[in-house]
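Asks: Quick one: the structure is below, and I'll ask about it shortly.
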Amino acid sequence: MPLLEISQLKKAFLAPDGSRHTVVDVSAFALEERAQVALSGESGSGKTTFLNLIAGILAPDSGGIRLAGREMSALNEAQRDRLRATTIGYIFQTFNLLQGYTCLENVLLGMSFGPGANRVFAEALLKRVGLGDKLNHRPRQLSTGQQQRVAVARALANKPKLVLADEPTGNLDHRNAREALQLIREACRENGAALLLVSHDREVLAQFENVQELHKINRAAVAEAQ
């Protein structure tokens, strides 16, 4: 059984004129355990909405999302939050770090939504991403590339089965982008997590053996393009 199975997934939003604008219309998509897949798509093609639906941050209008053997539509909000905390790690383009907390505290807080804080493992993750000497630094004291590394460590904090990455190199220069992508892929492999990454960057996509074009699975993206 695939780690992630999606069928007939739809999501629309209200436009300013009151009409409904369909952003996601995916008939079928699957991701195997430990697989690493990149989805390509331009801005406005529904990439972030698609990831947010998988993560349970957004509720679909219709369709099914089965994650780790559980149908998300059958769960209440608290159960979806729990499943997300224990099964999914999310790397946001803007990192979403808490500025008032240290690197270590950001990772520990991420753990608090799952099995619970584990300081030894949190420190080990930060050392793994090259920040062993920055445990007590706050995000504003770090470079953009270092902040991305904290975000990677936080995403892996609860030993997720699936890591979602939304344009994770979008705010990095070329060298840092290449290093961050390598780090994300290696860390997922080491922790046995599948990776689903979305990007419009051709250099990022070229690093993946399995690249799927979002407009080929998302009928809403095709309609928008037309």
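All of the numbers you see were taken from the coordinates with simple rules; none came from a lab. Predicted model, so just to flag it, every value in this text is computed and none were measured. Neighbour counts are summed over all protein chains in view; Cβ atoms, including those assigned to glycine, are modelled from backbone coordinates with ideal geometry.
Asks: Among the listed pairs LYS47/LYS161; LYS10/LYS47; LYS10/LYS216; LYS10/LYS161, which are separated by more than 22 Å between their Cα atoms? Don't skip to the answer; put the middle values down first.
Replies: Numbers: LYS47/LYS161 20 Å; LYS10/LYS47 13 Å; LYS10/LYS216 15 Å; LYS10/LYS161 24 Å.
With Cα atoms farther than 22 Å apart: LYS10/LYS161.
Asks: Just how many % of Cα pairs in the chain lie over 30 Å apart, if you round to the nearest whole percent?
Replies: Details: 5917 of 25425 pairs.
Counting pairs separated by more than 30 Å, the tail of P(r) holds 23 percent.
Asks: Residue by residue, what Karplus-based ³J(HN,Hα) values in Hz, rounded to whole numbers, does segment 117-122 have, using 6.51, -1.76 and 1.60 with θ = phi - 60° and x for Gly and Pro?
Replies: 5, 9, 4, 4, 5, 4
Asks: What is the packing order of peptides 130-137, 10-17, 79-86, 177-184, taking the mean over residues of other C-beta atoms within 10 Å and listing the highest first? Walk me through the numbers before you get to the answer.
Replies: Values: 130-137: 14.9, 10-17: 12.2, 79-86: 17.1, 177-184: 19.1.
In decreasing order of mean packing, 130-137, 10-17, 79-86, 177-184 become 177-184, 79-86, 130-137, 10-17.
Asks: Enumerate the amide H contacts of HIS200 below 5 Å, restricted to partners 5 or more residues apart or on another chain; note that Pro and chain-start residues carry no placed amide H.
Replies: Placed amide hydrogens put GLY41 under 5 Å from HIS200.
Asks: Now for a different question. When ranked by the protection proxy of mean other Cβ atoms within 10 Å per residue, highest first, what sequence do the peptides 104-111, 147-154, 20-27, 208-215 form? Can you show the working numbers first?
Replies: Working: 104-111: 21.2, 147-154: 26.4, 20-27: 18.4, 208-215: 15.4.
Most protected by this proxy first, the peptides run 147-154, 104-111, 20-27, 208-215.
Asks: Tell me, what HN-Hα J-couplings in whole Hz come from the Karplus equation 6.51 cos²θ - 1.76 cosθ + 1.60 at θ = phi - 60° for each residue of segment 156-168, using x for Gly and Pro?
Replies: Each residue's phi maps through the Karplus curve to give 9, 4, 9, 6, x, 7, 9, 10, 9, 10, 9, 6, x Hz.
Asks: State whether segment 113-204 is rounded, prolate or oblate according to the following rule on the C-alpha gyration tensor (a ≥ b ≥ c being the square roots of its eigenvalues): a/c under 1.5 gives rounded; otherwise a/b larger than b/c gives prolate, and the remaining case gives oblate.
Replies: Numbers: a/c = 2.01, a/b = 1.20, b/c = 1.67.
The shape class here is oblate.
Asks: Run lengths n ≥ 4 of DSSP H only: what is the helix-derived mean residue ellipticity at 222 nm for the chain, with -39500 (n - 2.57) per run over all residues, to the nearest 500? Provide the component values of the computation, followed by the final result.
Replies: Working: 9 runs with 85 residues, N = 226.
Here the helix-only value at 222 nm equals -11000 deg cm²/dmol.
Asks: Separate question: Can you list the HN-Hα couplings for segment 28-39, worked out from phi with the Karplus curve (6.51, -1.76, 1.60; θ = phi - 60°), rounded to whole Hz and with x for Gly and Pro?
Replies: Result, rounded to whole Hz: 7, 7, 9, 9, 7, 4, 6, 5, 10, 10, 10, 10.
Asks: Ranked highest first by average number of other Cβ atoms within 10 Å, how do 112-125, 189-202 line up? Before the final figure, lay out the partial values.
Replies: Numbers: 112-125: 15.3, 189-202: 18.4.
Ranked by mean Cβ neighbours within 10 Å, highest first: 189-202, 112-125.
Asks: Whose amide H sits under 5 Å from the amide H of LEU58, counting only residues 5 or more places off or on another chain, with H placed in the peptide plane?
Replies: Amide H neighbours of LEU58: LEU53.
Asks: Between ARG34 and ALA74, what is the spin-label point distance in nm, taking each point 7 Å from the Cα along the Cα→C-beta axis?
Replies: So the two model labels end up 2.7 nm from each other.
Asks: Ok, one more. Quick one: of the DSSP bridges fully inside segment 44-198, what percent are antiparallel, nearest 5? Intermediate results must be reported in sequence, preceding the final value.
Replies: Working: 2 of 11 bridges.
Restricted to segment 44-198, the bridges split so that about 20 percent are antiparallel.
Asks: Amide H of GLN36 versus every other amide H placed in the peptide plane: which residues, excluding those fewer than 5 positions away on the same chain, fall under 5 Å?
Replies: Placed amide hydrogens put LEU195 under 5 Å from GLN36.
Asks: What translational diffusion coefficient, in µm²/s and rounded to a whole number, does the Stokes-Einstein relation yield for segment 1-104 at 4 °C and a viscosity of 1.567 mPa s, taking the hydrodynamic radius as the Kirkwood radius over Cα pairs? Please report the intermediate quantities before stating the final value.
Replies: Details: Rh = 15.2 Å.
The Stokes-Einstein estimate is 85 µm²/s.
Asks: State, to one decimal in nm, how far the label point of GLN8 lies from the label point of PHE113, with both points 7 Å from Cα in the Cβ direction.
Replies: 3.0 nm
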